[in-house]
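Peer 1: Take a look at this one; I'll ask things after.
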Amino acid sequence: MRLREELPDFPGITEWVNGQVSKADLQGERAVLVHFWSVSCYMCKESLPQINEWREKYADQGLKVIGIHMPRSEADTDIAKIKETIAQYELTHPVAIDNEMTTTDAFQNEYVPAYYLFDETMALRHFQAGEKGLNMVKKRLHRILGIEED
């Protein structure tokens, strides 16, 4: 996806955990963070506690977090294992299991972890992938929410 492109919907989801979400449901949110991860990705699991922290810390300021589980191999499509990981890491936000990679394709995503940050107009304001990605996302998130940097 390119900057300023509109948030796609979430087509072809295999199963939702913690509630289903559509693009329409996200209208009016000040910021939407869509994070792609996989059960076989060590870096993804390392970032999940920070995602949870942001979900709690910025919820009152208008942040909505959506997880997309993107399989990297056939073994990653085991729904029971995915749900076990969601519970283990206390992911209480909506998580889409995208075993057919339809939503992954809609986002033109190739990476895990990957972070897509959208503003109140549903426009992509920042994309980041990889281990250090969250530090860059945080700066843009603060800008969107009008928070002074620490």
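Peer 1: Out of region 90-123, which residues are part of a loop (DSSP other than H, G, I, E, B) and of a type in the set (S, T, N, Q)? Please lay out each step first, then the result.
Peer 2: Filtering region 90-123 down to residues part of a loop (DSSP other than H, G, I, E, B) leaves 90-94, 98-101, 107-113, 120-122.
Once the filter is applied, which keeps residues that are part of a loop (DSSP other than H, G, I, E, B) and of a type in the set (S, T, N, Q), region 90-123 yields THR92, ASN99, GLN108, ASN109, THR121.
Peer 1: Return a yes/no flag: does region 79-96 have any residue that is out of contact with any strand residue (DSSP E or B) (no Cβ under 8 Å at 6 or more places or on another chain), open to solvent by less than 40 Å² (accessible area, probe 1.4 Å), in contact (Cβ under 8 Å) with a residue 12 or more places away in the chain and polar (S, T, N, Q).
Peer 2: Residues of region 79-96 out of contact with any strand residue (DSSP E or B) (no Cβ under 8 Å at 6 or more places or on another chain): 80-81, 84-85, 87-90, 92.
Okay, now just the ones that are also open to solvent by less than 40 Å² (accessible area, probe 1.4 Å), so 85.
Going one step further and asking which of them are in contact (Cβ under 8 Å) with a residue 12 or more places away in the chain, we end up with 85.
Pick out the ones that are also polar (S, T, N, Q) and you get 85.
Scanning region 79-96, I find at least one residue that is out of contact with any strand residue (DSSP E or B) (no Cβ under 8 Å at 6 or more places or on another chain), open to solvent by less than 40 Å² (accessible area, probe 1.4 Å), in contact (Cβ under 8 Å) with a residue 12 or more places away in the chain and polar (S, T, N, Q), so the answer is yes.
Peer 1: Kindly indicate the residue of region 20-40 that is part of a loop (DSSP other than H, G, I, E, B) and closer than 16 Å to MET70 by Cα and also most open to solvent (accessible area, probe 1.4 Å) among those meeting that condition.
Peer 2: SER40
Peer 1: Filter region 107-133 for residues that are hydrophobic (A, V, I, L, M, F, W, C), open to solvent by less than 20 Å² (accessible area, probe 1.4 Å) and over 15 Å from ILE66 (Cα atoms) and give the result.
Peer 2: Across region 107-133, the qualifying residue is only ALA123.
Peer 1: Within region 43-57, does at least one residue satisfy the condition of being open to solvent by less than 60 Å² (accessible area, probe 1.4 Å), touching a Pro at 6+ places or on another chain (Cβ under 7 Å), part of a helix (DSSP H, G or I) and closer than 16 Å to VAL137 by Cα?
Peer 2: yes
Peer 1: Given the residues MET70, MET101, which is the only one that is surrounded by 14 or more Cβ atoms within 10 Å (Cβ to Cβ) and farther than 22 Å from LEU134 by Cα?
Peer 2: Working: MET70 fails: farther than 22 Å from LEU134 by Cα.
Just one listed residue meets the conditions, MET101.
Let's see how each residue does on (1) touching a Phe, Trp or Tyr at 6+ places or on another chain (Cβ under 8 Å); (2) at pLDDT below 95; (3) of a type in the set (S, T, N, Q):
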{"residue": "ILE51", "(1), (2), (3)": "no, no, no"}
{"residue": "ILE86", "(1), (2), (3)": "no, no, no"}
{"residue": "LEU91", "(1), (2), (3)": "no, no, no"}
{"residue": "THR102", "(1), (2), (3)": "no, no, yes"}
{"residue": "GLN108", "(1), (2), (3)": "no, no, yes"}
{"residue": "GLU131", "(1), (2), (3)": "no, yes, no"}
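Peer 1: Looking only at residues in region 35-79 that are more than 11 Å from the chain's Cα centre (by Cα) and of a type in the set (A, V, I, L, M), which one is nearest to GLY12 (Cα to Cα)?
Peer 2: So, considering only residues that are more than 11 Å from the chain's Cα centre (by Cα) and of a type in the set (A, V, I, L, M), the one nearest to GLY12 (Cα to Cα) is ILE79.
Peer 1: Another question about this same structure. When you scan region 63-72, do you find a residue that is over 25 Å from ARG2 (Cβ atoms) and in contact (Cβ under 8 Å) with a residue 40 or more places away in the chain, even just one?
Peer 2: no
The values are calculated or read from the model by the stated rules, or taken from the named source; none is laboratory data. All of these numbers come straight from a predicted model, not from anything done at the bench. A quick note on method: Cβ atoms are made from the backbone with ideal geometry, for glycine too, and the neighbour counts reach across all protein chains shown. Accessible surface areas use protein heavy atoms only, side chains included; no ligands, DNA or RNA. Shrake-Rupley method; radii C 1.70, N 1.55, O 1.52, S 1.80 Å.
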